[in-house]
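This report concerns only the one structure given below.
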């Protein structure tokens, strides 16, 4: 009868009520549509990263980073830690049953014995024991379990968010390196051209056609180009070091890569409506799970004010002799239900409740802030996408015009002019044309890289290949 009653109580306890507030997702504190500046004709759905970044070398670098990056390893290990913590808390919802075997022996001296003689006693016990199992009438343990599960899911979502950021960061670092490589090549070409012009003007000066001012101007132009080339080499080395840090270990054999112009990263991703985009982002999912955990912790804090019932018991055999442990009449059991009701704790439970409520307010604000930041990030990138496309077209036209101008001015200068003043004016015009052509070409590379970088960040902002993952 005792066993049946205990089983009924245990089953009832497992379905105990919860004092946690009913969770309701806060309304997204952002507009229902993207700003007008962010609207553009979207035609392509979200691909995975292998399809989004077609450059074989970049694909190899991203794959290596996903395998070797130390920060990603840390994030993955934190998932394992959170999963284990959830398992520990979840285990508290079920009884802990142990098999116990022990022998106890004692000797009492004659001075303490009722008979006036030394008294020796011993006992052997073998039992199956229930260790202080709490009947979760008020849902305290269930609330703690829900909070642990939400924290685990928040950690998992945070890891996915970091994975997306790592993909985007590797791509951005690679694109920056490509830009600096191509700008270095352009600077090297420009430096060679100015060295040739310096030599030509030196010959003209020796022939009395050009003056010292022409030579000094040519020397200054050459040294400026050399300084820019050295500066770009320094930036290129820093970009390579950043890429190595992100990847962790560069593969020994790498496939050939593409130029900036040949990256072919799509810039027509389907953005959809804000609610669909933002709620699938891992960082937003992580913030919401932290909010769910804080909501559950309120239930645990409220349950601390109510009685706590725990059960401890054992059933087995006992005997004075080891040989009699499993004999007739050796059955032994004990059952110790305990009820604990807090009467005075100097306000500790009330303070814990206030802490839980305050943390929920913080979690709501952090969740809403995460959505607002996500909305701004996507809106900025969508707006930048159209603007950078237009800027690149204009910059390409400028580069073409400046190169054509430089060819005409250079041909006129090399043909030579009889009048020294005309020659000086032509030399100044040539230097201006060279500077403008170089600046236009460098500017085109920078805008192209910015356009590709925006597309890369947009992939992360739109949750990339996290789209459609089970929540």
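The values are calculated or read from the model by the stated rules, or taken from the named source; none is laboratory data. Small disclaimer: the values here were computed from a predicted structure and weren't measured. Counting neighbours? That spans all protein chains shown, and the Cβs are built from the backbone with ideal geometry, glycine included.
When residue 99 is tested against (1) part of a helix (DSSP H, G or I); (2) over 21 Å from the mean Cα position of the chain (by Cα); (3) surrounded by fewer than 16 Cβ atoms within 10 Å (Cβ to Cβ); (4) touching a residue at least 12 places away in the same chain (Cβ under 8 Å), exactly one condition is not met: (1). Would you mind stating whether residue 199 is at pLDDT 90 or above and part of a helix (DSSP H, G or I)? Spelling it out, it is not the case that residue 199 is at pLDDT 90 or above and part of a helix (DSSP H, G or I).
Inclusion of residue 136 among residues that are crowded, with 21+ Cβ neighbours inside 10 Å and closer than 25 Å to residue 312 by Cα is warranted.
Out of curiosity, is residue 371 in contact with a helix residue (DSSP H, G or I) (Cβ under 6 Å, 6 or more places away or on another chain), surrounded by 19 or more Cβ atoms within 10 Å (Cβ to Cβ) and farther than 30 Å from residue 454 by Cα? Taking the combined requirement at face value, the residue does not satisfy it. Taken together, 215, 239, 221 contain a single residue that is in a helix (DSSP H, G or I), touching a helix residue (DSSP H, G or I) at 6+ places or on another chain (Cβ under 6 Å), surrounded by 14 or more Cβ atoms within 10 Å (Cβ to Cβ) and free of Cβ contacts under 8 Å to residues at least 24 places away in the same chain, which is 215. Only a single item in (1) at pLDDT below 90; (2) part of a helix (DSSP H, G or I) is not met by residue 176, and it is number (1). Every condition in (1) more than 25 Å from residue 351 (Cα to Cα); (2) surrounded by fewer than 18 Cβ atoms within 10 Å (Cβ to Cβ); (3) touching a helix residue (DSSP H, G or I) at 6+ places or on another chain (Cβ under 7 Å) is met by residue 284 except one, and the failing one is (2).
Considering the range 445-470, and only residues there that are modelled with pLDDT of 70 or more and part of a loop (DSSP other than H, G, I, E, B), the residue that is nearest to the chain's Cα centre (by Cα) turns out to be 463. You will find that of 105, 84, 77, 121, the residue that is more than 30 Å from residue 341 (Cβ to Cβ), free of Cβ contacts under 8 Å to residues at least 60 places away in the same chain and outside any helix (DSSP H, G or I) is 105 and no other.
Taken together, the residues in the range 287-321 that are farther than 30 Å from residue 133 by Cα and crowded, with 22+ Cβ neighbours inside 10 Å amount to 2.
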